[in-house]
Amino acid sequence: MKHIGILAHSAEGATLCYREAWMEGIRKLGPHRHPEITLTGVAMDLMLDAWGRGDLAELRGMFFGDAEKLAAAGADFFICPDNSAHIALESPGEPFPLPGLNIAEVVAEQALRDGRRKIGILGTEWTMGGPVYRGALGRRGLDFAVPGEADRKVVHAVIMEELCLGDFREESRAQYVAIIDKLAAEGCDAVALVCTEIPLLVRPEDSPLPVLDSTRLLARAAVAVALGERAMPEWRGGPVA
């Protein structure tokens with residue numbers, strides 16, 4: 001089995017991804033069995049200033065350092081269970097020391113397999129307004145929609161002030177469900193939960209639309225690679241063709 005490296009950014013999303021990979025191993029291999037997994041990540045607080053300045057080079061450099069740690073630990077490939085981080089990961093720069101699965105590519109592949117046509121995107125302001133999902137969905141001919149400005153602020157604030165801190169509130173779940181309702185009214189036939197903490201707040205049974213759970217989809221794809229059921233990734237950061 002291949003050794004999975006998890007390059008963490010936000011703690012709750014990385015923890016959920018680790019647990020899902022562990023559980024996927026048990027589902028496929030039996031009790032107490034899963035691929036080897038190593039997780040590393042500097043505190044997100046150390047990167048927030050760079051996010052505020054939009055300094056992708058600095059962010060990429062910090063992620064690169066964590067990828068080096070995973071390579072030194074013997075990981076064969078990495079996953080980063082943080083969608084916003086992929087804005088920096090996809091920016092130009094030195095190739096990463098080990099290949100990685102791109103979370104947006106995994107989500108977009110699943111949307112295509114599910115026969116979706118228009119995907120609602122829920123994530124941080126950086127993700128909702130950024131290029132990662134526009135690219136991944138666009139390369140597959142899929143349309144997308146993001147919430148209006150006021151709703152985007154709500155979604156972002158809940159992520160940064162609550163979800164990333166392990167705070168899951170019923171009133172926030174209700175706000176998210178109402179926002180997903182609006183995306184459904186705009187013709188979306190699925191919603192991509194592309195902050196890796198959102199699946200801890202909005203469960204499939206809560207959502208008015210079918211969900212694309214980026215956290216669990218990435219974990220399951222990683223286990224498939226580790227077990228040889230999916231090809232080893234070739235992407236080492238940088239723009240995705």
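Placing a label point 7 Å from the Cα of D114 along the Cα-to-Cβ direction, the residues of the stretch 208-230 whose backbone N falls under 14 Å from that point are 208-218.
For the stretch 47-64, the Karplus equation 6.51 cos²θ - 1.76 cosθ + 1.60, evaluated at θ = phi - 60°, returns couplings of 10, 5, 5, 5, 4, x, 8, x, 8, 5, 5, 5, 4, 4, x, 5, 5, 4 Hz by residue, with Gly and Pro reported as x. For a paramagnetic label modelled on S91 (point 7 Å from Cα along Cα→Cβ), amide N atoms under 12 Å away belong, within the stretch 57-74, to 57-64. Calculated [222 nm] ellipticity per residue, helices only, for the chain: -14500 deg cm²/dmol; basis is -39500 (n - 2.57) per DSSP H run with n ≥ 4, divided by all residues, nearest 500. Among D82, D181, sorting on how many other beta-carbon atoms sit within 10 Å of each Cβ, with the fewest leading, yields D181, D82.
Taking every lysine pair in the chain that is 8 or more places apart or spans two chains, those with Cα atoms closer than 17 Å amount to 4.
For the stretch 228-235, backbone phi angles converted through the Karplus equation (6.51, -1.76, 1.60; θ = phi - 60°) give residue-by-residue couplings of x, 8, 9, 5, 4, x, 10, 5 Hz, Gly and Pro being listed as x.
Where a number appears in this text, it was derived from the coordinates with a stated rule and is not lab data. Everything quoted here is computed from the prediction, not taken from an experiment. Virtual Cβ from ideal backbone geometry, glycine too; neighbours counted across all protein chains shown.
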